[in-house]
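Written out below as structure tokens is the structure these notes cover.
The values are calculated or read from the model by the stated rules, or taken from the named source; none is laboratory data. What you see is a predicted model; the values in this text were computed from it and never measured. For neighbour counting, all protein chains shown are included, and Cβ atoms are generated from backbone atoms with ideal geometry for every residue, glycine included. For accessibility, only protein heavy atoms count, side chains too; no ligands or nucleic acids. Shrake-Rupley method; radii C 1.70, N 1.55, O 1.52, S 1.80 Å.
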Amino acid sequence: MTNTANSRRSRRPLLAAAALAVTVGLGLAGCSASSPADPASGSAGATGSATKSLRIGFSPFTMQVPALKGLADGLTAAATAQGDKVLTADPKGDPSTQLQQLQQWVQLGQVDAIWVIPSAAKTVAPVLSQATGKGIVVIASGIPSDYGFSGKQPGITFTNVDNADYGTKLGTLTAECIDKDLGGNGKVIFLQSPTGAQSTSAINEQFKKTLAAKSPNTKIVNQQDAGDRLKSQQIISSALQGAPDANTVVGTDDESTLGGLDAFTQAGKDASKTCVVGAGGNTEAQAAVKSGKIYADLAFDFQADLMQNLKQLHTLAANPSAKGTQLTTPITVITK
């Protein structure tokens, strides 16, 4: 499970950045053979019958971030394709406004379900309890303790990114490459995820812990915060002056991964004698994996997360008094 303190600091920027991935292909999501509300897809409730169409209220902490606007559009497209209706609200980052908007939906009975990405989780917690008291089901970003709840709640499913698992997978992939291509002797330049800017320290700490366990002869010779692509390239180029025998670069997002690759290429590093491992999963990074320039890349699959959340709302609506669950955003590993 994610470190909750760090998760609260980082959740909003993480979602704002990564939600860009959701918009890719969502126009096709509603046309898939098995939609979340399709009885064949397993969205039936405890009674064994599929739930009715839902009026879903989507409340991110702001709609001013293009990525979150894209997430709203993606949800609307997928939900509409299966007969649901989506209402959106824009609190513009103000917790009080978000609370008032949610209260209006609940008090006026305008929705059957709510998906909330809160600006301040504990501020909106009371209205979530009011909603479930009226049979309105909820997907809430985070974990129960973020909202002051203890354990599972009737009618509420929580959804969260598992940064520790992300870091573990990144460390495992790096160790695999070092073992396979470098005889287990890696000298790593690590462009860590800036805590509170893009992810959490859980990614960085789990990466280092996993790498040390799985590749004990490997050393991290330089560790700095990831930057944009050009800055990351410059960081790696500078690091190579102090550690010219560095043979591995690890990035924690697309920009740092591709910037690291650029730096190794510019330095004339032999791709067969180096390891580049990264995260982010954009089109260019995936192409670099397929061509063998990057050993592996991983990414949170926010499109799959959207679809599982939509399906979960129907599952909850089939039996609103039942306790919800804790979902995590799927992680995709991209290899050649």
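Pairing each residue of region 313-331 that is in a loop (DSSP other than H, G, I, E, B) with any residue that is open to solvent by 30 Å² or more (accessible area, probe 1.4 Å) and small (Gly, Ala, Ser), provided the two are 6+ apart or on different chains, yields C-beta distances under 7 Å for Asn319/Ala46; Pro320/Gly135; Ala322/Ala46; Pro330/Ala304. Within region 275-298, can one find any residue that is free of Cβ contacts under 8 Å to residues at least 60 places away in the same chain, of a type in the set (A, V, I, L, M, F, W, C) and over 30 Å from Thr329 (Cα atoms)? The answer is no; no qualifying residue exists. Restricting Val106, Val65 to residues that are within 20 Å of Leu316 (Cα to Cα), surrounded by 17 or more Cβ atoms within 10 Å (Cβ to Cβ) and not charged (D, E, K, R) narrows the list to Val106. The set of residues in region 240-262 being assigned to a helix (DSSP H, G or I), closer than 21 Å to Gly184 by Cα and among the small types (Gly, Ala, Ser) consists of Gly260 alone.
Go through the residues of region 276-297 one by one and say whether even a single one is among the β-branched types (Val, Ile, Thr), modelled with pLDDT under 95 and not in a helix (DSSP H, G or I). Scanning region 276-297 turns up no residue that is among the β-branched types (Val, Ile, Thr), modelled with pLDDT under 95 and not in a helix (DSSP H, G or I).
From the list Thr168, Thr159, Thr174, Thr210, the lone residue that is within 15 Å of Ala279 (Cβ to Cβ) and either touching a strand residue (DSSP E or B) at 6+ places or on another chain (Cβ under 6 Å) or modelled with pLDDT under 95 (or both) is Thr174.
Which one is farthest from Lys69 (Cα to Cα), of the residues in region 303-316 that are of a type in the set (A, V, I, L, M, F, W, C) and open to solvent by less than 30 Å² (accessible area, probe 1.4 Å)? By that ranking, first place goes to Leu316.
Looking at this structure, is Gly268 at pLDDT below 95 and either closer than 20 Å to Ala202 by Cα or not in a helix (DSSP H, G or I) (or both)? No; evaluated as a whole, the condition is false for this residue. From the list Asn282, Asn319, which one is farther than 30 Å from Asp181 by Cβ and among the polar types (S, T, N, Q)? When all the criteria are applied, what remains is Asn319. Sort out which residues of region 227-263 are touching a Lys or Arg at 6+ places or on another chain (Cβ under 9 Å) and open to solvent by 10 Å² or more (accessible area, probe 1.4 Å), and write them in order of number. Residues satisfying the conditions are Leu240, Ala243, Asp245, Asn247, Asp254, Glu255, Leu261, Asp262.
Checking each residue in region 146-167 for being assigned to a loop (DSSP other than H, G, I, E, B) and touching a helix residue (DSSP H, G or I) at 6+ places or on another chain (Cβ under 8 Å) picks out Gly148, Phe149, Ser150, Gly151, Lys152, Gly155, Val161. Of all residues in region 108-145, those satisfying the criterion of being free of Cβ contacts under 8 Å to residues at least 40 places away in the same chain, in contact with a helix residue (DSSP H, G or I) (Cβ under 8 Å, 6 or more places away or on another chain) and in a loop (DSSP other than H, G, I, E, B) are Ala120, Lys134.
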